[in-house]
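Working notes for the structure below.
What follows draws every value from the coordinates through simple rules; no lab data is involved. Everything numeric in this text was worked out from a predicted model, so none of it was measured. Neighbour counts are summed over all protein chains in view; Cβ atoms, including those assigned to glycine, are modelled from backbone coordinates with ideal geometry.
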Amino acid sequence: MEPAAPNDQTGEGEREQRWTAKLKRLEGMLETAREEAIDHRKAAEREASLDEDLVTEFTTNLTQASRERRLLRDLFATQDALRASTDLGGVAPRTRRTWLPKRLFIRDSRLLGANTNGRELGRRTMNLEMSQLMNALGSVECVAPEENLLDQLSAVITEMGTEGKPATLILLPISWRLRESLGLTMWGKQRIKSNLVPSQRSEEFAGLIEGVPALDSPWTPEERLYLVNLPSLATYLEGPSQNDSGLTVKLESFDADKAREFLAKHPEAKAEGASDEEARLVLQERLLCSLVREWRLELHEKPAARCIDVPEDLRHKSRG
């Protein structure tokens with residue numbers, strides 16, 4: 001009897017299995033090497049010192065972006081309602097904190113973005129100003145809109161002037177329909193000329209209504225518009241700040257001891273399910289950025305402010 005011929009298909013299958021096993025072992029080795037490289041990098045970064053030039057660039061970009069967006073501050077100053085002060089306690093918290101990767105501030109980490117992160121944090125300054133302004137106007141009762149909204153607005157402007165506290169700012173929600181109904185261009189900012197607005201801010205408004213600067217912004221509720229006499233509403237109190245930004249910027253890094261101390265005081269900083277040691281290592285890979293607001297609005301008891309409901313068909317979300 002002749003011996004059976006070898007099964008070529010069986011041999012091919014066995015070779016494929018061996019190659020698959022070898023590839024899996026190689027993948028495992030590469031993954032282990034990658035994880036070890038990451039652990040080595042993180043360990044080096046935890047021990048690394050911050051690059052002072054990168055810290056300076058970050059702080060400069062942040063404070064410059066903040067200074068450029070202090071529109072309300074400049075309006076209050078132009079309307080003689082800004083005062084230097086060291087009493088900035090107030091009710092609202094003055095410090096906002098955010099976590100940043102420590103790698104952003106290590107020259108050899110090859111992670112870029114310190115400047116971008118700085119500018120983005122600085123841009124949020126206007127959010128702080130407008131948020132306080134909207135809170136101050138929250139108690140102003142609104143009246144129903146009349147058939148001709150522009151005529152109604154003009155009448156309110158005249159009335160406020162007769163009472164001795166003329167409107168110095170109109171706050172509009174974002175809506176091209178509303179702008180069109182008030183005789184403004186439908187989109188974009190317009191260059192205006194008014195002694196109520198500093199010249200360097202003249203291109204940040206929607207236009208003038210009866211000589212009053214109109215500012216449309218996403219912070220104004222879509223169902224409301226306001227007419228305000230800023231000096232009667234509040235005084236803008238301002239203390240010393242970095243680069244006239246309205247902020248003091250603080251960056252805090254952590255060695256092992258400082259990380260343990262911080263976690264003992266702030267257990268909420270530890271991720272759910274993380275051990276104390278894991279939380280400490282994570283903290284050492286981060287920086288705590290604190291932005292201290294060096295200004296506040298000191299509200300007055302009897303502000304001159306009016307509110308008119310925006311008709312539904314003129315609101316931004318209106319369809320038709």
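Each of LYS258, LYS102 has some number of other Cβ atoms within 10 Å of its Cβ, and from fewest to most they run LYS258, LYS102.
Within the chain, CYS289 have no other Cys Cβ under 4.7 Å of their Cβ and so lack a disulfide-compatible partner by this rule. Of the peptides 75-85, 284-294, the order by per-residue mean of other Cβ atoms within 10 Å, starting with the highest, comes out as 284-294, 75-85.
Looking at the stretch 49-320, the DSSP beta bridges with both ends there are about 80 percent antiparallel.
Taking the fewest neighbouring Cβ atoms within 10 Å as the starting point, the ordered list for ARG25, ARG224 is ARG25, ARG224.
Label-to-label distance, GLU120 versus ILE174, with points set 7 angstrom from Cα along the beta-carbon direction: 1.8 nm.
Could you list VAL156, VAL143, VAL212 in order of exposure, starting from the residue whose Cβ has the fewest other Cβ atoms within 10 Å?
If I rank by nearby Cβ atoms, fewest first, I get VAL143, VAL156, VAL212.
Checked against a 18 Å cut-off, the cross-linked pairs LYS165/LYS302; LYS250/LYS270; LYS189/LYS317 give Cα-Cα distances beyond that limit for LYS250/LYS270; LYS189/LYS317.
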